[in-house]
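Heads up: the structure comes next, in structure tokens.
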Amino acid sequence: MEAKQLQSEEQLYPQHREPQSQSHSPAYQALLRAGPRVRPLQQVHAQIIVLGKYRNLAIITKLLTLACAAGSISYTRCLFLTVPNPDSFLFNSLIKGSSKFAFSNDAIFFYRRMLLANISPSNYTFTSVIKACADLSASRLGRGIHSHVLVCGYGSDSFVQAAFVTFYAKTGDLEVARKLFDKMPERTVVAWNSMISGYEQNGFSKEAIGLFDQMLEWGIKPDSTTFVSVLSACAQLGAIGLGCWVHDYVISNGFDVNVVLGTSFINMFSRCGNVTKAREIFDLMSEWNVIAWTAMISGYGMHGYGKEAMELFGKMRIHGPRPNNVTFVAVLSACAHAGLIQEGRCAFGSMRKEFGLVPGVEHHVCMVDMFGRAGLLNDAHAFIKELNPRELTPAIWTAMLGACKMHKNFDLGVEVAEHLLAVEPENPGHYVLLSNIYAVTGKMDRVELVRNLMIRRGLKKQVGYSTIEVDQKTYLFSMGDKSHPETNEVYRYLDKLMSRCREAGYVPAPESVMHELEEEEREYALRYHSEKLAIAFGLLKTSSGVAIRIVKNLRMCEDCHSAIKYISIVSNREIIIRDKLRFHHFNDGSCSCLDYW
DNA sequence: CTAGGGTTAG
């Protein structure tokens, strides 16, 4: 050991005679060879000390950056404390590294130390520290830094501006972000990407796509990052036409489909209803990480293709990376939606035993949901009783309540719902479920009671809406909404359609079951739920043979589910609906969910 | 010698 450390530089670093390495010192070369790995870095660090190079700031800076990239912020902090007089390069590298590798708090800590050391921050410093604020959603701090930036004269730096666009978008201040974006004298692709992703991440998919269109009009060439955000917006909206357009564009312009972009395609195609196409993309990729595998498994799961999901999971266990907690959410929810109880139990058990993962709330919810859907209410209840009291979150009880409603165990349902109302009085969903249960059991006075309670507490039921894409344009419908220019035509067509359904055997749910919580909804109930409007519009606007694809923000009601089966018969169309939880493929009078949704 | 902003799965 001692002998090794005392070897000459030449023996230690034989490569230093190679021509391209002449500009770097042997110690620097050794750092490059160690790479972002803690142990090798520590060995080189020891050698640096032995060789007396520890005062060389360039070398220490590189060491710090690599320690940070290795993911060891504690080692990075220790190293920093050993530097007597850090310069601006060192601080900038440190701040950049820690913000880049998600040590946002440390980035801000180092930024403060930099100011305390009286070293002026530069545009480089600011971009990193603003990113750290964005990642932490540190609204106040970020705005303070914004003033500081203006004082320091970096307000017109395009990199700093782009960073602020991201910051304001991430802290939910989209208007401020947009104002900044509009005022930018030169908008790089990155600035456009920041704004588009800002919209998309805040759920403003239409705005994201609108800005993307504008970008193309301006002749700005999108890059793969742009596509990732746009595909995410397509996935949210179910805009498969635009998604396919992006796919064609990417292929014909020779873009490399890397693992991130490939995963975005998988997600977009599965969430737009074409899981076969998603699998094609998956198979064509050249690199698969845990996210790609999880996206594909989850794609199968949300379509109710449990067998395919489990097959893929089996392959992942053999050929793929280690599954993580998110992978297991996908696996367990695939089991839940396909009624694969044994497989689900087995996978849940393997989490801890085989993979050392600790099941969290979301996994428990999947298990309760899985037992519940299958009608195994006792197993669900037993599972809940096994849990630690502090793990009994509202989400667990909500899953149990769903099971009670689905399998008409109203006594237990009322009990669970009342408990939920007590612990989460601000969640309108609980009131809706409880009121539904009362309505089905014919306790209309109780329905009224729940409704009044909800009004008194100032809660509003979430407004349901459905979207459909026709010719790469997305149309939105909500119940009773008449803002669409062709409203009358749509309603008239829907009436005709529903009477044909009745002729074919459709029996509308009784009035009491359809009892709505809010007054103005009542007259529209039954006939005009948003998904029916969107389907009517789709049938009017597309030719036969084209599948109708709808995205709904809430879960479908039982009556719509039954009505749409008949619509699929009388219109002879495939109807694919994504609701809040999963996909329903209606074909020839039956649904892929086998009525367990 | 050392350093640039944006993006992905439930």
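The values are calculated or read from the model by the stated rules, or taken from the named source; none is laboratory data. It should be emphasised that the depicted structure is a prediction, and the values quoted were computed from it without experimental measurement. So basically every Cβ, Gly included, is an ideal-geometry build from the backbone, and we count neighbours across all protein chains shown. Note: accessible area is taken over every heavy atom of the protein model, side chains too, but ligands, DNA and RNA are not part of it. Shrake-Rupley method; radii C 1.70, N 1.55, O 1.52, S 1.80 Å.
Close amide H partners of A:TYR465, meaning residues 5 or more places away or on another chain with modelled amide H under 5 Å apart, are A:ASN553, A:LEU554. Rounded to the nearest whole Hz, the Karplus-based 3J(HN,Hα) values (6.51 cos²θ - 1.76 cosθ + 1.60, θ = phi - 60°) of the stretch A:169-179 follow the sequence 5, 6, 8, x, 8, 5, 5, 4, 4, 5, 4, with x at glycine and proline.
Taking a 23 Å limit on the Cα-Cα distance, which of the listed pairs A:LYS385/A:LYS580; A:LYS179/A:LYS552; A:LYS473/A:LYS541; A:LYS385/A:LYS461 fall beyond it?
On the way: A:LYS385/A:LYS580 28 Å; A:LYS179/A:LYS552 32 Å; A:LYS473/A:LYS541 12 Å; A:LYS385/A:LYS461 31 Å.
Those over the limit are A:LYS385/A:LYS580; A:LYS179/A:LYS552; A:LYS385/A:LYS461.
Of all DSSP-defined beta bridges confined to the stretch A:465-591, some 80% are antiparallel rather than parallel.
Once you charge only the Cβ atoms, +1 for Lys and Arg and -1 for Asp and Glu, what is the size of the charge dipole of chain A about its Cα centre, to the nearest 20 debye? Before the final figure, lay out the partial values.
Details: 63 positive and 59 negative charges, 269 e Å.
Roughly 1300 debye, rounded to the nearest 20.
Projecting the Cα atoms of A:LEU433, A:VAL290, A:TYR75 onto the charge dipole of chain A, computed from C-beta unit charges around the Cα centre, puts A:TYR75 farthest toward the positive end. With contacts taken as Cα pairs under 8 Å and at least 6 residues apart, chain A reaches a relative contact order of 7 percent.
Report, in deg cm²/dmol and to the nearest 500, the calculated mean residue ellipticity at 222 nm for chain A, where each DSSP H run with n ≥ 4 adds -39500 (n - 2.57) and the sum is divided by the residue count.
After summing the helix terms and dividing by residue count, I get -20000 deg cm²/dmol.
Taking every protein chain into account, the accessible area of chain A amounts to 48 square angstrom per residue (probe 1.4 Å). Sorting A:GLU448, A:GLU280, A:GLU503 on solvent-accessible area from highest to lowest, probe radius 1.4 Å, gives A:GLU503, A:GLU280, A:GLU448.
Ranking A:GLY480, A:LEU497, A:PRO510 by Cα position along the charge dipole of the stretch A:472-511, where only Lys, Arg, Asp and Glu carry charges on their C-beta atoms, puts A:LEU497 farthest toward the positive end. Computed on the stretch A:114-169, with alpha-carbon pairs under 8 angstrom and 6+ residues apart, the relative contact order is 43 percent.
Tell me whether the stretch A:190-275 comes out rounded, prolate or oblate; compute the Cα gyration tensor, take square roots of the eigenvalues as a ≥ b ≥ c, and use a/c under 1.5 as the rounded threshold. Walk me through the numbers before you get to the answer.
Details: a/c = 1.57, a/b = 1.13, b/c = 1.39.
It comes out oblate by the Cα gyration axes.
Peptides A:184-191, A:310-317, ordered by how many other C-beta atoms sit within 10 Å of their residues on average, highest first, read A:310-317, A:184-191. For the stretch A:386-402, the Karplus equation 6.51 cos²θ - 1.76 cosθ + 1.60, evaluated at θ = phi - 60°, returns couplings of 6, 6, 5, x, 6, 8, 7, 7, x, 4, 5, 5, 5, 5, 5, 4, x Hz by residue, with Gly and Pro reported as x.
Quick check: from the Cα gyration tensor, does the stretch A:356-429 come out rounded (a/c under 1.5), prolate or oblate?
On the way: a/c = 1.90, a/b = 1.18, b/c = 1.61.
Cα axes put the stretch A:356-429 in the oblate bin.
Listed by chain and number, the aspartates and glutamates placed with their C-alpha closer than 13 angstrom to that of A:LYS315 are A:ASP283; residues fewer than eight positions away on the same chain are left out. Ranked by solvent-accessible area (1.4 Å probe, protein heavy atoms only, all chains present), the residues A:THR65, A:THR487 order from largest to smallest as A:THR65, A:THR487. Here the accessible area of chain A is 52 percent carbon and sulfur, with a 1.4 angstrom probe and all protein chains present. Beta bridges from DSSP with both residues in chain A: antiparallel share about 80 percent, rounded to the nearest 5.
Phi angles of the stretch A:142-157 translate, via the Karplus equation with coefficients 6.51, -1.76, 1.60 and θ = phi - 60°, into HN-Hα couplings of x, 5, x, 5, 4, 4, 4, 4, 5, 4, 6, x, 9, x, 9, 6 Hz per residue; Gly and Pro are given as x. Heavy-atom accessible area, probed at 1.4 angstrom with all protein chains present, ranks A:LYS353, A:LYS385, A:LYS277 as A:LYS353, A:LYS385, A:LYS277, highest first. Straight-line cross-link reach from A:LYS62 at under 17 Å between alpha-carbon atoms covers these aspartates and glutamates, not counting any fewer than eight positions away in the same chain: A:ASP87. If the reach is capped at under 14 angstrom between alpha carbons, list the aspartates and glutamates near A:LYS100, excluding any in the same chain fewer than eight residues apart. Filter leaves A:ASP135.
Once backbone amide H atoms are built at 1.01 Å from N, A:ILE550 has A:ILE576, A:ILE577, A:ARG578 as its partners under 5 Å, excluding neighbours fewer than 5 places away on the same chain. Judged by the gyration tensor of its Cα atoms, with axes a ≥ b ≥ c, the stretch A:465-591 is rounded; a/c sits under the 1.5 cut.
Considering Cα pairs under 8 angstrom that are at least six residues apart, work out the relative contact order of the stretch A:221-316 and quote it in whole percent. Present the calculation step by step, with values, prior to reporting the outcome.
Working: 107 pairs, mean separation 23.0, N = 96.
Relative contact order, the stretch A:221-316: 24 percent.
Could you tell me the distance between the Cα centroids of the stretch A:46-80 and the stretch A:185-253, to the nearest Å? Taking the Cα centre of each part, the stretch A:46-80 and the stretch A:185-253 sit 40 Å apart. The residues neighbouring A:LYS96, those whose beta-carbon lies less than 14 Å from its own, together hold a net charge of +1 under the Lys/Arg +1, Asp/Glu -1 convention.
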